[in-house]
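**Student:** Take a look at the following structure, please.
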Amino acid sequence: MEPEKKTQTTSEQMTDRDLSEQIKKVTKDSHVRAENTELMLSFQKGKVTLPQYKLLLCSLYEVYQALEEELDRNSNHPSVAPIYFPAELARLDAIEKDLEYFYGQDWREKIVVPAATKRYCHRLRQIGKENPEFLVAHAYTRYLGDLSGGQVLGRIAQKSMGLKGSEGLSFFAFPGVSSPNLFKQLYRSRMNSVELTEEERNGVLEEAVRAFELNIQVFEGLQMLASVTENELQTCSTHSTPVNTLQIPGAIIKTTPLLRMVLGLFVALVTVSVGIYAF
Ligand code: HEM
């Protein structure tokens, strides 16, 4: 039998059969696409605006809430236990802190997300119930991304939005991880220790590509939402009383009664104007 090919990295011994290598390989093109979305390009060029960043935080809140709830619920599952690192990686509390900083104490009532974010969360909850072994693909995509490019992006974001210190940027900080590179090595070795059948392994690899795709769709949805909200709909929403949603193509915005009234008046005015013009 042919020996497994070894790939030497700085201090790790990897084989082509390692999940961490396979997953990196199958998502390589998706990573390039994700990096080149308009939103990520704005980040890299130091052009991310505060409204864009606030909207991104809203979506990250929903995504990490779903991801971390499903990881917690399945923490004893044999495919999840090895990669379960809530103390080091969990992002939800940090995002909540940032949202409170930007939106104030009633931030929960101001969450605005594109429809793509809802789809991403729906998928996370579905696999949490039906295929918990796929959670490794989603945890990899988000957490290793946050520990890699995310670190640079945090510093750029701080500069481009003129934020002082680390306020509003908790999302990028991992106080429980002293060396992101060493931690990534540990994480990869834990991924490689997950026992998967051939079918499950293929499912995980497919799911990783899907995870990147879902992220790309969120970024595209956010870009669209930012252009609509920047001028008109900056303060939206209420979570109390039944949640109301306003559908603009590809987006879900929770609206206040006042906002709905203003929009209603606007539509009525346009209708009357068109009527007068036609007359
Ligand atoms: C501005 C956008 C981005 C930049 C500049 C960036 C940059 C990087 C860099 C420099 C690495 C380290 C590569 C290595 O160690 O070989 C990395 C790794 C990674 N990134 Fe990104 N990234 C970006 C966006 C994203 C997004 C949007 C995601 C996912 C949603 C993502 C997921 C990952 C993952 C999972 C890894 C770990 C790869 C591995 O070692 O297996 N990245 N990124």
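The values are calculated or read from the model by the stated rules, or taken from the named source; none is laboratory data. As the structure is a prediction and not an experimental result, all values here were calculated from the model. All Cβ positions, glycine included, derive from the backbone under ideal geometry; neighbour counts span all protein chains shown. The area values use the complete protein model at the heavy-atom level, side chains included, leaving out ligands, DNA and RNA. Shrake-Rupley method; radii C 1.70, N 1.55, O 1.52, S 1.80 Å.
**Student:** Once you list every other residue whose beta carbon is under 14 Å from the beta carbon of PHE171, what net charge do they have if Lys and Arg are +1 and Asp and Glu are -1?
**Tutor:** On the way: positive: LYS54, ARG91, LYS97, ARG142, ARG155; negative: GLU62, GLU68, ASP93, GLU96, ASP98, GLU100, ASP146, GLU167.
Spelling it out: positives minus negatives among the neighbours equals -3.
**Student:** I'd like to know how the stretch 133-201 sits against the 2.2 N^0.38 Å rule of thumb: what's its Cα Rg over that expected value? Present the calculation step by step, with values, prior to reporting the outcome.
**Tutor:** Working: Rg = 15.3 Å, N = 69, 2.2 N^0.38 = 11.0 Å.
That ratio works out to 1.39.
**Student:** Mind jotting down the distance between the C-alpha centroids of the stretch 192-211 and the stretch 38-76, whole Å?
**Tutor:** The stretch 38-76 and the stretch 192-211 have Cα centres spaced 23 Å from each other.
**Student:** Can I ask one more? Tally Lys and Arg at +1 and Asp and Glu at -1 over the other residues with C-beta under 12 Å from the C-beta of GLY46: what net charge comes out? Walk me through the intermediate numbers first.
**Tutor:** Details: positive: LYS45, LYS47, ARG155, LYS159; negative: none.
Surrounding charge for GLY46 is +4.
**Student:** Just list whichever of LYS47/LYS110; LYS28/LYS118; LYS54/LYS129; LYS110/LYS159; LYS118/LYS164; LYS97/LYS118 have alpha carbons separated by over 28 Å in the model shown.
**Tutor:** Values: LYS47/LYS110 24 Å; LYS28/LYS118 25 Å; LYS54/LYS129 30 Å; LYS110/LYS159 25 Å; LYS118/LYS164 32 Å; LYS97/LYS118 22 Å.
Distance filter (> 28 Å) returns LYS54/LYS129; LYS118/LYS164.
**Student:** Leaving out ligands and nucleic acids, and using a 1.4 Å probe, what accessible area per residue does the stretch 83-184 come to in Å²?
**Tutor:** Details: 4600 Å² over 102 residues.
I get 45 Å² per residue for this part.
**Student:** Right, another one. At 0.36 nm per residue, minus the direct Cα-Cα distance, what do SER178 and LYS24 gain on full extension? Give it in nm, one decimal, please. List each step's numbers first, then the result.
**Tutor:** On the way: separation 154, 0.36 × 154 = 55.44 nm, distance 2.33 nm.
Result: 53.1 nm gained on full extension.
**Student:** Continuing with the same structure: On the protein heavy atoms, probe 1.4 angstrom, tell me the percent of accessible surface of the stretch 137-193 carried by carbon and sulfur.
**Tutor:** Numbers: 1410 of 2610 Å².
It is 54 percent, rounded to a whole number.
**Student:** Next question, about the same structure. By a straight-distance test (C-alpha under 13 Å), which aspartates and glutamates pair with LYS25 as possible cross-link partners, with residues fewer than eight away in the same chain excluded?
**Tutor:** Partners found: ASP16, GLU206.
**Student:** P(r) for the stretch 161-230: what percent of alpha-carbon pairs falls in each 10 Å bin, starting at zero?
**Tutor:** The calculated distribution, bin by bin, is 15, 23, 36, 21, 6.
**Student:** Using the Cα atoms of the stretch 7-109, I'd like the radius of gyration and the largest Cα-Cα distance, Dmax, both in angstrom.
**Tutor:** My reading of the Cα-based Rg and Dmax gives 17.5, 51 Å.
**Student:** Given C-alpha coordinates of the stretch 20-219, what is the ratio Rg to Rh with the Kirkwood estimate of Rh? Don't skip to the answer; put the middle values down first.
**Tutor:** Details: Rg = 16.3 Å, Rh = 17.2 Å.
Rg divided by Rh gives 0.95.
**Student:** What are the radius of gyration and Dmax of the stretch 90-133, computed over its Cα atoms and given in Å?
**Tutor:** When restricted to the Cα atoms of the stretch 90-133, Rg and Dmax are 13.5, 37 Å.
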